[in-house]
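Asks: Got a structure here, written out as structure tokens. Questions coming.
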Amino acid sequence: MPKTRIANPFKPSAGHLPPVLIGRDIILDDFQEGLDNGSGAPGRLMRITGARGTGKTVMLAEFRRMAEQQGWQTISETASAGMAQRLLEKLQPKKGNLSFSFEPSISVMSMGGSLGGVHYEKSRMPLTLRDVMSERLDALEKHDTGLLVTIDEAQAADRDDMVAIATTIQHLTSEDRNIAFVFAGLPSMTSKWLNDDVMTFLRRAQPERLGDVPLVEVSQAFTDTFAGTGMVLKDTPLDLATQATAGYPFMIQLVGYHIWRVAKRHHPQDASITVTVEDAEAGVRDALSRLGDTVHGPELDGLSPIDKTYLLAMAQDDGPSSTSTIAERMGKDARYASMYRMRLIEAQVIEERGYGKVDFAIPYLREYLREHAAYIRMTTGIAE
């Protein structure tokens with residue numbers, strides 16, 4: 001008989017559920033209680049924030065799995081232009097020719113018009129989405145189930161889309177409909193949407209900030225997950241793997257994935273594999289390289305040249321940096337530099353470490369900046 005092939009249990013790619021959702025038990029319990037406790041329960045309206053790699057997309061996927069286990073219908077979207085229209089299309093009945101559109105009207109001789117389907121002006125968007133979602137809930141509630149809507153990368157949503165969705169959820173919640181809404185994004189979405197006068201309803205969403213996972217939980221998760229595939233990870237190799245993650249959720253997946261892969265390749269014929277120090281060290285090196293490509297690079301791409309100047313000034317220190325020293329290195333006064341300090345703290349790229357001190361919030365970003373400093377300066381026009 002052919003030998004059974006065991007798959008790598010770690011999934012270091014966006015949105016894939018890891019083998020163990022470590023460090024997130026309280027959030028998961030809150031959401032489950034929201035489903036159980038009915039309309040108006042706090043867990044049914046939730047906002048998830050965190051830096052890249054902290055597991056926001058994974059959390060949304062787990063929420064959908066939990067809801068579907070209870071017979072709920074789930075609809076997920078990633079924020080981009082036309083999000084409300086896509087939600088509407090997913091909610092519309094499959095039969096019949098009647099359709100609604102959120103696309104802007106095309107004015108002909110000063111009269112509203114449309115190309116195909118039934119058209120509504122922007123002012124009608126919330127009402128249209130509300131009507132269609134209500135019809136879907138009518139059908140679901142006959143079977144004592146409900147509807148979960150999740151929005152990922154909410155900081156990138158168009159305002160018209162967010163207004164339509166927030167207004168719809170607000171009305172349906174006030175009507176005690178069986179609906180839950182969770183939106184996730186970078187920390188910048190908090191100031192962008194919660195301070196909008198039209199969307200004050202979203203301020204009621206239960207806030208959940210995803211941070212680092214305690215290392216003791218990381219260690220136990222590694223031990224159990226490797227053991228589940230017939231591998232032994234213990235002692236020094238386990239310590240190397242655990243410390244290398246710094247508790248960063250995406251790094252946990254990367255380190256686990258690459259150590260497991262290296263060990264499998266180094267011992268292809270062994271029925272039972274015990275991970276060696278060499279396996280662990282090689283896996284950590286591979287994980288660090290991948291972290292730069294998938295987290296550090298994209299994070300820096302979204303920052304301004306002066307943001308990057310601030311970070312490069314920080315990277316000269318081996319630990320927490322003095323904010324006054326950073327300003328001196330930038331050639332700016334403290335007030336000017338403080339504006340960018342606050343921007344980077346809000347984005348959870350850096351964090352405060354006591355009075356007048358800041359440090360990197362994303363593991364290994366200091367090392368990445370040092371390694372790529374010349375390229376960053378060249379491509380963004382930053383002076384030496």
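The values are calculated or read from the model by the stated rules, or taken from the named source; none is laboratory data. As the structure is a computational prediction, the values presented were derived from the model and not from experiment. All Cβ positions, glycine included, derive from the backbone under ideal geometry; neighbour counts span all protein chains shown. Heads up: the accessible areas ignore ligands, DNA and RNA and are worked out on the full protein's heavy atoms, side chains in. Shrake-Rupley method; radii C 1.70, N 1.55, O 1.52, S 1.80 Å.
Asks: What residue, among those in the range 313-324 that are in contact (Cβ under 8 Å) with a residue 24 or more places away in the chain and open to solvent by less than 10 Å² (accessible area, probe 1.4 Å), is farthest from Ser338 (Cα to Cα)?
Replies: Across the range 313-324, the extreme among qualifying residues is Ala315.
Asks: Give the number of residues within the range 148-180 that are part of a helix (DSSP H, G or I) and within 20 Å of the chain's Cα centre (by Cα).
Replies: Here the count works out to 8.
Asks: Name the residues in the range 272-312 that are open to solvent by 10 Å² or more (accessible area, probe 1.4 Å) and among the small types (Gly, Ala, Ser), would you?
Replies: Ser272, Ala282, Ser289, Gly297, Gly302, Ser304
Asks: Could you tell me whether the range 242-265 includes any residue that is basic (Lys, Arg), open to solvent by 10 Å² or more (accessible area, probe 1.4 Å), over 28 Å from Met342 (Cα atoms) and outside any helix (DSSP H, G or I)?
Replies: Scanning the range 242-265, I find no residue that is basic (Lys, Arg), open to solvent by 10 Å² or more (accessible area, probe 1.4 Å), over 28 Å from Met342 (Cα atoms) and outside any helix (DSSP H, G or I), so the answer is no.
Asks: Let me ask something else about it. Mind listing just one residue for me: the one in the range 347-379 that is surrounded by fewer than 16 Cβ atoms within 10 Å (Cβ to Cβ) and small (Gly, Ala, Ser) and, of those, nearest to Thr309 (Cα to Cα)?
Replies: For the range 347-379, the residue satisfying everything is Ala374.
Asks: While we're here: Of all the residues that make up the range 65-76, how many are out of contact with any Leu (no Cβ under 6 Å at 6 or more places or on another chain) and surrounded by 18 or more Cβ atoms within 10 Å (Cβ to Cβ)?
Replies: Within the range 65-76, residues that are out of contact with any Leu (no Cβ under 6 Å at 6 or more places or on another chain) and surrounded by 18 or more Cβ atoms within 10 Å (Cβ to Cβ) number 1.
Asks: Inside the range 28-50, can you point out the residues that are touching a Gly at 6+ places or on another chain (Cβ under 9 Å) and hydrophobic (A, V, I, L, M, F, W, C)?
Replies: Those that are touching a Gly at 6+ places or on another chain (Cβ under 9 Å) and hydrophobic (A, V, I, L, M, F, W, C): Phe31, Leu35, Ala41, Leu45, Met46, Ile48.
Asks: Kindly evaluate Glu153 against the criterion of being within 28 Å of Gln70 (Cβ to Cβ), free of Cβ contacts under 8 Å to residues at least 60 places away in the same chain, open to solvent by 30 Å² or more (accessible area, probe 1.4 Å) and not basic (Lys, Arg).
Replies: no
Yes or no, residue by residue, for (1) on the phi > 0 side of the Ramachandran plot; (2) open to solvent by 60 Å² or more (accessible area, probe 1.4 Å); (3) assigned to a loop (DSSP other than H, G, I, E, B):
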{"residue": "Thr190", "(1), (2), (3)": "no, no, no"}
{"residue": "Arg203", "(1), (2), (3)": "no, yes, no"}
{"residue": "Asp212", "(1), (2), (3)": "no, yes, yes"}
{"residue": "Glu217", "(1), (2), (3)": "no, yes, no"}
{"residue": "Phe226", "(1), (2), (3)": "no, no, no"}
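Asks: Name the residue that is most open to solvent (accessible area, probe 1.4 Å), counting only residues in the range 228-241 that are in a helix (DSSP H, G or I) and in contact with a Phe, Trp or Tyr (Cβ under 7 Å, 6 or more places away or on another chain). I'd like the intermediate steps shown before the answer.
Replies: Here is the first cut: in the range 228-241, the ones in a helix (DSSP H, G or I) are 235-241.
Then keep just the ones that are in contact with a Phe, Trp or Tyr (Cβ under 7 Å, 6 or more places away or on another chain); that gives 238, 241.
Details: Leu238: 20, Ala241: 1 Å².
That would be Leu238.
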